[in-house]
Amino acid sequence: MVRTIELNKRQEQILEIVKDNGPITGEHIADRLNLTRATLRPDLAILTMAGYLDARPRVGYFYTGKTGTQLLTERLQKLFVKDFQSIPVVVNENVSVYDAIVTMFLEDVGTLFVVDQDSLLVGVLSRKDLLRASIGKQELTTLPVNIIMTRMPNITMCTREDLMIEIAKKLIEKQIDALPVVKETEKGFEVVGRMTKTNLTKAFLALAEND
Ligand code: ADP
């Protein structure tokens, strides 16, 4: 596991040397630290991968001048939905609220996506939507979910190509827990994935651990 945000003492020393003397070869950095080139190789690789240093063949290493925040922003701009999405759990719009509750428990998800007979997205069901329906006097086994769901066109969606940072913005702005990942067709939107606060937390962890 490589932590690119926190540098160790030797990596800090290398940065200082390159800042003051770059471009400088690996050999010369090693000399200044009284170490062998081989000992230094992993540190140089980490600093280059993390974007602190740049290496040019036959010239050597030089300091990119990028701050930790700039580098973090660059890495955030590389996290896409397609790398973190989960499998969607969908129910047909005609199933009962009772069956939707059972599905939510069995599939262990907090949000269900509702589709029509053509498998196109028509609605979203959250935990509270189902709880709200349950505290009324309705018969849950005969009440279809399309009566209580949040419906199109009021569904916030995303695509596989969206950035994780855009997902974070949407979840916070709309105060919701999940988004369907969709693919647009001539007829409507097909559900191809699920994006939740958990997926976002996983992306956050990947960023910290440089997975
Ligand atoms: P909870 O009901 O557990 O608070 P949410 O915060 O996700 O869960 O849902 C709040 C409301 O927003 C619910 O009525 C739900 O139907 C709706 N909702 C959830 N996800 C979406 C979405 N992606 N687009 C539009 N509405 C949504």
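Of the helices (runs of 4 or more DSSP H) lying entirely inside segment 1-68, those containing at least 1 residues that are closer than 30 Å to Leu205 by Cβ and among the β-branched types (Val, Ile, Thr) are 9-21, 37-49.
Checked against the criterion of being of a type outside the set (A, V, I, L, M) and within 16 Å of Val109 (Cβ to Cβ), the candidates Thr185, Thr201 yield just one match: Thr201.
Scanning segment 114-128 for residues that are among the hydrophobic types (A, V, I, L, M, F, W, C) and more than 8 Å from the ligand (Cβ to nearest atom), we see that the one that is nearest to Leu72 (Cα to Cα) is Leu121. Taking the criterion of being of a type in the set (S, T, N, Q), surrounded by 11 or more Cβ atoms within 10 Å (Cβ to Cβ) and more than 25 Å from Phe80 (Cβ to Cβ), the residues of segment 127-173 that qualify are Ser134, Gln138, Asn146, Thr150.
Quick check on Lys170: is it under 18 Å from the mean Cα position of the chain (by Cα) and either of a type outside the set (Asp, Glu) or within 30 Å of Thr73 (Cα to Cα) (or both)? Spell out the reasoning first.
Details: under 18 Å from the mean Cα position of the chain (by Cα): yes; either of a type outside the set (Asp, Glu) or within 30 Å of Thr73 (Cα to Cα) (or both): yes.
Spelling it out, Lys170 is indeed under 18 Å from the mean Cα position of the chain (by Cα) and either of a type outside the set (Asp, Glu) or within 30 Å of Thr73 (Cα to Cα) (or both).
The residue list Ile14, Ile46, Ile24 contains one member that is in contact with a strand residue (DSSP E or B) (Cβ under 7 Å, 6 or more places away or on another chain) and either surrounded by 12 or more Cβ atoms within 10 Å (Cβ to Cβ) or touching a residue at least 40 places away in the same chain (Cβ under 8 Å) (or both), which is Ile24.
To keep it simple, each residue is scored yes or no on (1) at pLDDT below 95; (2) in contact with a helix residue (DSSP H, G or I) (Cβ under 7 Å, 6 or more places away or on another chain).
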| site | (1), (2) |
| --- | --- |
| Val90 | no, no |
| Tyr98 | no, no |
| Ile101 | no, yes |
| Ser126 | no, no |
| Gln138 | yes, no |
| Thr142 | no, no |
| Asn154 | no, no |
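Selection of segment 103-113 for residues being surrounded by fewer than 19 Cβ atoms within 10 Å (Cβ to Cβ) and within 11 Å of the ligand (Cβ to nearest atom) yields only Gly110.
Within segment 92-118, being small (Gly, Ala, Ser) and farther than 15 Å from Arg194 by Cα holds for Ser96, Ala100.
For every residue, the table says whether it meets (1) in contact (Cβ under 8 Å) with a residue 12 or more places away in the chain; (2) near the ligand (Cβ under 9 Å from one of its atoms); (3) outside any loop (DSSP other than H, G, I, E, B).
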residue: Val91; (1), (2), (3): yes, no, yes
residue: Ile101; (1), (2), (3): yes, no, yes
residue: Leu130; (1), (2), (3): yes, yes, yes
residue: Gly136; (1), (2), (3): no, no, no
residue: Leu140; (1), (2), (3): yes, no, no
residue: Glu166; (1), (2), (3): no, no, yes
residue: Leu171; (1), (2), (3): yes, yes, yes
residue: Leu179; (1), (2), (3): yes, yes, yes
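Suppose we filter segment 69-89 for residues that are surrounded by fewer than 16 Cβ atoms within 10 Å (Cβ to Cβ) and part of a strand (DSSP E or B); how many remain? Here the count works out to 1.
Scanning segment 142-155 for residues that are in a loop (DSSP other than H, G, I, E, B), of a type in the set (A, V, I, L, M, F, W, C) and within 12 Å of the ligand (Cβ to nearest atom) returns Ile148, Met149, Met152, Ile155.
The values are calculated or read from the model by the stated rules, or taken from the named source; none is laboratory data. Quantities reported herein were computed from a predicted structural model and do not represent experimental measurements. For neighbour counting, all protein chains shown are included, and Cβ atoms are generated from backbone atoms with ideal geometry for every residue, glycine included.
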